[in-house]
Amino acid sequence: MKLTKLAGLTLAASVLAFSAAAQDRVLRIAPAAPPAHPANGVLYTNFAQYLPEESEGRLGTTMLGPEVVNLGQMKDALQSQVAEVGNFLPLYFPAELPHMSLAGELSLTSGNSQAAAAAMTQWIVECEPCLQELHDFGFVYLGSGASDVYEILSTRPVHSVEDLQGLRLRSGGSPWARFAEHFGAVPAQISVNDTFEAVSQGVVDGSMASIADLISFRLVDVIRHVTFLPLGLYQATSNFMTSGQTWSELSVEDRAAMARAANRANADFTNRWGHTMPAEAEEAARAAGIELYQADDAFVAAVQEFVATEAATAATIAQERFGIADAAERIARFQELYAYWEGVATEVDNDPAQMAQRVYDAVWANVDYATYGQ
């Protein structure tokens, strides 16, 4: 659907509004995901609850469904003001957002969802080139979330490295494409929203994804095998990318309220996507007769050997393709932050409320909202 058609559909396709008449400003928000996905059912639903609380009733929301704005349309939707706040994925635009995408290139190296989300949030807020890239887009960043560790969801059994040969797998970004190619599989750059159709029609043999996709995108009906491997997790997110025009029209107090609401919802979302929903998806898989297979030690070791090269690969790509001369130093900083937040996540047992408070104290409490995003 072209964005020229979207503006007229915005109000008609709104699926959720919170006391619009009582609020000074009602923001059009777009999760770009179906209701079953945690980006919709938790991330944006909770944000819509938290925002009036944090702004003392001044700000509210109207939610636009994925039929109005999907992930591929989000950049244009935010720039055109069809959506004012949206779920945005930097890895969709690596050439235009090379600094912001850099930590996303390290996705295979992460294993703790809350730690990855917190590290990404702090890394981007402290990254001046990242913020400048977003400013040039006309966007303002308000935090990240992360999935559980990715698995191979397939229609054919994958019990060994040899089983990957020729397997056509949907890839969520370049890190997983590199993994697939390294082991002889064929990566396919297909929107996650199109995965069900691609699998059901035999275009691909499966997906490298969160097991939660079995529920979020109805893959439980077409996938027959799940192989658990250390395939990193999806951390290259910007959960509440905000239109710079909208941000500039808000008071300093309301900008701070948006950051607080987003921070709370980010931790809830990560808990849902990275913890509770995968457990539910495993139950759904067993009920559907899907084989759940833990990769053996040799298979895991081969993957870990590949993953160990990813930081150097990401630095090389950033330097040679995008001209980021200090890529290695920036990568080292992200790894340092991830290690710190992994310790915090372990300390609080990944509790989302405690993680939200720790991230707020370390990151958002130190932001000058009079100048941030301007």
key: Amide H within-cut-off set for T61, under 5 Å, with H built and near neighbours excluded   = F18, L27
query = Pairing the Cα long axis of helix 128-137 with the longest principal axis of the chain, what angle in degrees results, from 0 to 90 and rounded to the nearest 10?
reply = 70
ask   = How do L134, L91 rank by accessible surface area computed with a 1.4 Å probe, from largest to smallest?
value = L91, L134
key: Accessible-area composition of the chain, carbon plus sulfur, in percent [1.4 Å probe]   = 51
ask   = Helix 297-307 sits at what angle to the longest principal axis of the chain, using alpha carbons and giving 0 to 90 degrees rounded to 10?
value = 50
task = Please check which bits of region 191-230 a label hung off R156 would reach, taking the label as a point 7 Å along Cα-to-C-beta and the cut-off as backbone N under 12 Å.
result = 204-206
message = Which order do you get for T62, T246 if you rank them by accessible area with a 1.4 Å probe, largest at the top?
response = T62, T246
inquiry  = Cut-off 10 angstrom, C-alpha nodes, Gaussian network model of the chain. Which of A48, A308, A262 fluctuates the most?
reply    = A308
ask   = Which is farthest toward the positive dipole end of the chain among L59, P129, A117, measuring Cα position about the Cα centre, with Cβ charges +1 (Lys, Arg) and -1 (Asp, Glu)?
value = L59
note = Among the Cα-Cα pairs of region 155-203, the proportion with separation greater than 15 Å, in percent, is 44
query = What is the calculated FRET efficiency for A301 to N366, with r their C-beta to C-beta distance and R₀ = 45 Å, to the nearest 0.05?
reply = 0.60
GNM result for the chain, Cα springs below 10 Å: residue of V140, V69, V222 fluctuating most strongly = V222
query = Using a ≥ b ≥ c from the Cα gyration tensor of region 201-312 (square roots of the eigenvalues), is it rounded, prolate or oblate, where a/c under 1.5 gives rounded and otherwise the larger of a/b and b/c decides, a/b for prolate?
reply = prolate
key: Estimated 222 nm signal from helices in the chain, with DSSP H stretches of n ≥ 4 weighted -39500 (n - 2.57), rounded to 500   = -13000 deg cm²/dmol
message = Run the numbers for V186 and Q165: contour at 0.36 nm per residue of separation, minus the present Cα-Cα distance, in nm.
response = 6.7 nm
query = What is region 248-374 by shape, rounded, prolate or oblate, if you read a ≥ b ≥ c off the alpha carbon gyration tensor as root eigenvalues and call it rounded for a/c under 1.5, prolate for a/b larger than b/c, and oblate otherwise?
reply = oblate
query = How far is helix 352-362 tilted off the main Cα axis of the chain, in degrees rounded to 10, range 0 to 90?
reply = 60
key: Efficiency of FRET from Cβ geometry, E249 and Q79, R₀ 22 Å, rounded to 0.05   = 0.90
task = Using only Cα atoms, locate the centre of region 137-159 and the centre of region 176-243, then give the distance between them in Å, rounded to an integer.
result = 8
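The values are calculated or read from the model by the stated rules, or taken from the named source; none is laboratory data. Keep in mind it's a predicted model, so treat the numbers as computed, not measured. Glycine gets a Cβ as well: all are built from the backbone with ideal geometry, and neighbour counts include every protein chain shown. The accessibility values were calculated without ligands, DNA or RNA, using every heavy atom of the protein model including side chains. Shrake-Rupley method; radii C 1.70, N 1.55, O 1.52, S 1.80 Å.
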